[in-house]
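Here's the structure, in structure tokens; my notes come after.
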Amino acid sequence: TRDSPAEEPETSHFTTRGLVIEGGALSHILGEDLLEEIFFAISNTCDAVIACRVSPKQKALLVRLVRNYVEPTPVTLAIGDGANDVGMIQEAHIGIGISGLEGQQAVNSSDFSIAQFRFLENLLFVHGKW
């Protein structure tokens, strides 16, 4: 009823956090040891981190920094479809190249290759199990 106090919505005990960082902001962080540590300390509290509009060099540096700062050390996976993804694919433990309109550079530098993005699910969730 309208006379009863408003009920508080039930909240979960878990908080989902995400971080989105743009290449321009990332350029101020990368190369500064203290800022890199702070960035990864914040990133470690997030469920997802998205880097957008980043340069090919920044992509590769992010993968390298994940390998250096994240504990326990994760197995990194990079997925790309063009020449701008080659550095990132080579820096990761596992690289997947997707052939397409941007040429074969990503495929040629990867550990695994697929013809289309739609094949990624089977590669990760079926074959990745083995």
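The values are calculated or read from the model by the stated rules, or taken from the named source; none is laboratory data. It should be emphasised that the depicted structure is a prediction, and the values quoted were computed from it without experimental measurement. Using ideal geometry, Cβ is built from the backbone for each residue, glycine included, and neighbour counts are taken over all protein chains shown. Quick note on the areas: whole protein, heavy atoms, side chains included, nothing else; ligands and nucleic acids left out. Shrake-Rupley method; radii C 1.70, N 1.55, O 1.52, S 1.80 Å.
The table below lists the values:
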| quantity | calculated |
| --- | --- |
| The range 17-49: number of residues that are out of contact with any helix residue (DSSP H, G or I) (no Cβ under 6 Å at 6 or more places or on another chain), open to solvent by 40 Å² or more (accessible area, probe 1.4 Å) and part of a helix (DSSP H, G or I) | 9 |
| Helices (runs of 4 or more DSSP H) wholly inside the range 50-125 containing at least 2 residues that are loosely packed, with under 13 Cβ neighbours inside 10 Å | 120-125 |
| Long-range neighbours under 7 Å by Cβ, at least six apart or interchain, first residue closer than 19 Å to residue 80 by Cβ within the range 34-61, second β-branched (Val, Ile, Thr) and at pLDDT 90 or above | 50/20; 51/21; 52/20 |
| Some residue of the range 54-63 being touching a Ser or Thr at 6+ places or on another chain (Cβ under 7 Å) and among the charged types (D, E, K, R) | no |
| Flag for residue 45 being under 16 Å from the mean Cα position of the chain (by Cα), modelled with pLDDT under 85 and β-branched (Val, Ile, Thr) | no |
